[in-house]
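Student: Dropping the structure in here first, questions after.
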Amino acid sequence: MTKSVVAQSYGTSEALTVVDVEVPPPASGEVLVEVKAIGVNPIDYKLYSGAFGDDPEKLPVRVGGEAAGVVAAVGAGVTEIAVGDEVIVSPGTGLYAEKVVVPVSAITPKPAGLGWEQAAGLLLVGGTAVDALDTIGVGSGDTVLIHGASGGVGALAVQLAVARGATVVGTAGAANQDYVRNLGATPVVYGDGLEERVREVAPQGIDAALDTVGTDEAVDVSLALVKDKTRIVTIAAFGRAQEDGFASVGGGNPASAEARLKARAELVEQAGAGHLTVTIAKTFPLIDAAQAHSELAQPHPAGKFILIP
Ligand SMILES: NC(=O)c1ccc[n+]([C@@H]2O[C@H](COP(=O)([O-])OP(=O)(O)OC[C@H]3O[C@@H](n4cnc5c(N)ncnc54)[C@H](OP(=O)(O)O)[C@@H]3O)[C@@H](O)[C@H]2O)c1
C-alpha cells in the first residue's frame, strides 16, 4: 500500500484527500520507485480546478508530474536501471505518493551531487524553459526579456539563456529583484510603466521575449518591444498567442513533449555539475499538499515548493 494524494472533486485545494492505494508489482518495462521528494507545479492544482473540464467520470484526479526517489523493484525487460538506483521521474501523473510504478521511459538517473529536492523540482520547469528558449531561438548576442524571471520556469530560463550568451532582462515583484539579479539577469519590477523601464535598462533593444506569466501586460509589452513575432513565446497566454500570432509551448503540444524529453539528460547533467540551480522555496509533508497548493496559487517566496512523503 502507499499513501497517495488525489482530488476527489473539482474546485479548490480542499478537494485534495489522502488515500491508501494498492501498489502493484512493476509490469514489463515498468519500475517501482520509493519517492523521496515531489515537485509541486501550478499545473497540479489546475488539473482539478475545473480549468480543463469537470467530468465526474475522471474523478479522482491523480496529481503530480515529477518526483525523485530510489528504485525498489524493476519489471521484466528493464536493464538500464537497477534496484537501489537514485532516479528522477518525469514526466509522470499521480506522483503525489510514497511509492509509484512508472514506465522506465519516465526515468532519468539522478547524479549523486544533486539533492532530492532539487532533483524533484528540476525537470518540469527546466524542460519548459529549454522548449521555450529553443522556440524563439535564444542564443549568443541576443537581448531577451523574460516575464516572471523569479518563477519556477523563469529562474531556469534566465540561467539557461545567460549560459547561451544572451543578455537577460527579467521581470519580478519588488521583493525578488535581488534574486533575479543573482540568477544573472537585469531585474525590472512588473506593473504600470513596465515597457519604459525595460527600454531604460536595454537601450540596445529587445530581440526576443518569453512570457511565463500570461497577463495582458506581459504580452502587450512583448509585442511592443520585439519586432519579429516569431521571437515571442508564452507558456501561459494561449488565447493571446492565437489572437496575436506568436508562439506558445506546452498545453499538450506533441512537439513540446518531445523537446522536453530530449532536454532531460542535459538539464540533469548541468544541475548535477552545479551549473544550474534549483532554488527550494519551501518543503511540505506530502499530506499537506493542499496547503502547498493554496500557498503556490498566491504570492509566494521565489523557488520551488517540494512535498516530502
Ligand atoms: N505551457 C507549459 O508547458 C507550462 C509549463 C510550466 C508552467 N506553465 C505555467 O506557467 C506559469 C508559471 O509557472 P511557474 O511554475 O513558473 O510559477 P511560479 O513559480 O508561481 O512563478 C510565477 C511568476 O509570475 C510572477 N508574477 C506573479 N504575478 C505577476 C503579475 N501580476 N505580473 C507579472 N508577473 C507576475 C511571479 O513574480 P513574483 O513572485 O516575483 O511576484 C513569478 O515570477 C503557470 O501558469 C504555469 O501553469 C506552463
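Student: Would you kindly identify the strands (runs of 3 or more DSSP E) lying entirely within segment 88-187 that contain at least 1 residues that are in the same structural domain as Leu296 (by TED's automatic domain parsing)? Even if it seems obvious, please write down each step before you answer.
Tutor: Numbers: elements: 99-103, 107-109, 143-147, 167-172.
The strands (runs of 3 or more DSSP E) meeting that bar are 99-103, 107-109.
Student: In addition: Scan segment 221-254 residue by residue and report those that are modelled with pLDDT of 95 or more, within 12 Å of the ligand (Cβ to nearest atom) and open to solvent by 70 Å² or more (accessible area, probe 1.4 Å).
Tutor: Passing the criteria: only Phe238.
Student: For segment 188-228, what are the residues that are closer than 19 Å to Ala175 by Cα and touching a residue at least 60 places away in the same chain (Cβ under 8 Å)?
Tutor: Result: Thr212, Val213, Ala218.
Student: Does any residue of segment 142-149 turn out to be more than 9 Å from the ligand (Cβ to nearest atom), over 19 Å from Val125 (Cα atoms) and open to solvent by 10 Å² or more (accessible area, probe 1.4 Å)?
Tutor: yes
Student: Let me ask another. Just to be sure, is Ala97 within 16 Å of the ligand (Cβ to nearest atom) and open to solvent by less than 10 Å² (accessible area, probe 1.4 Å)?
Tutor: On the way: within 16 Å of the ligand (Cβ to nearest atom): no; open to solvent by less than 10 Å² (accessible area, probe 1.4 Å): yes.
No, not satisfied.
Student: Same structure, new question: Criterion first (open to solvent by 50 Å² or more (accessible area, probe 1.4 Å), over 20 Å from Pro26 (Cα atoms) and outside any strand (DSSP E or B)) does Glu80 satisfy it? Quick ask: steps written out before the conclusion?
Tutor: Details: open to solvent by 50 Å² or more (accessible area, probe 1.4 Å): yes; over 20 Å from Pro26 (Cα atoms): no; outside any strand (DSSP E or B): yes.
Against the criterion (open to solvent by 50 Å² or more (accessible area, probe 1.4 Å), over 20 Å from Pro26 (Cα atoms) and outside any strand (DSSP E or B)), Glu80 does not qualify.
Student: Suppose the filter is closer than 17 Å to Gly39 by Cβ and exposed (fewer than 15 other Cβ atoms within 10 Å of the Cβ); does Pro309 pass it?
Tutor: Working: closer than 17 Å to Gly39 by Cβ: yes; exposed (fewer than 15 other Cβ atoms within 10 Å of the Cβ): no.
Against the criterion (closer than 17 Å to Gly39 by Cβ and exposed (fewer than 15 other Cβ atoms within 10 Å of the Cβ)), Pro309 does not qualify.
Student: Is it the case, given these coordinates, that Leu267 is away from the ligand (no atom under 12 Å from the Cβ), surrounded by 15 or more Cβ atoms within 10 Å (Cβ to Cβ) and either of a type in the set (Lys, Arg) or not assigned by TED's automatic domain parsing to the domain that holds Ala161 (or both)? Give the steps one after another, and end with the answer.
Tutor: Numbers: away from the ligand (no atom under 12 Å from the Cβ): yes; surrounded by 15 or more Cβ atoms within 10 Å (Cβ to Cβ): yes; either of a type in the set (Lys, Arg) or not assigned by TED's automatic domain parsing to the domain that holds Ala161 (or both): yes.
Judged against the criteria, Leu267 is a match.
Student: Taking segment 190-216, which residues are open to solvent by 20 Å² or more (accessible area, probe 1.4 Å), part of a helix (DSSP H, G or I) and more than 19 Å from Ala132 (Cα to Cα)?
Tutor: Glu195, Glu196, Arg197, Arg199, Glu200, Val201, listed by residue number.
The values are calculated or read from the model by the stated rules, or taken from the named source; none is laboratory data. A quick note: this is a predicted structure, and the numbers were derived from the prediction, not measured. As a convention, Cβ positions derive from the backbone with ideal geometry for all residues, glycine included, and neighbour counts pool all protein chains shown. Note: areas computed on protein heavy atoms with side chains; ligands, DNA, RNA excluded. Shrake-Rupley method; radii C 1.70, N 1.55, O 1.52, S 1.80 Å.
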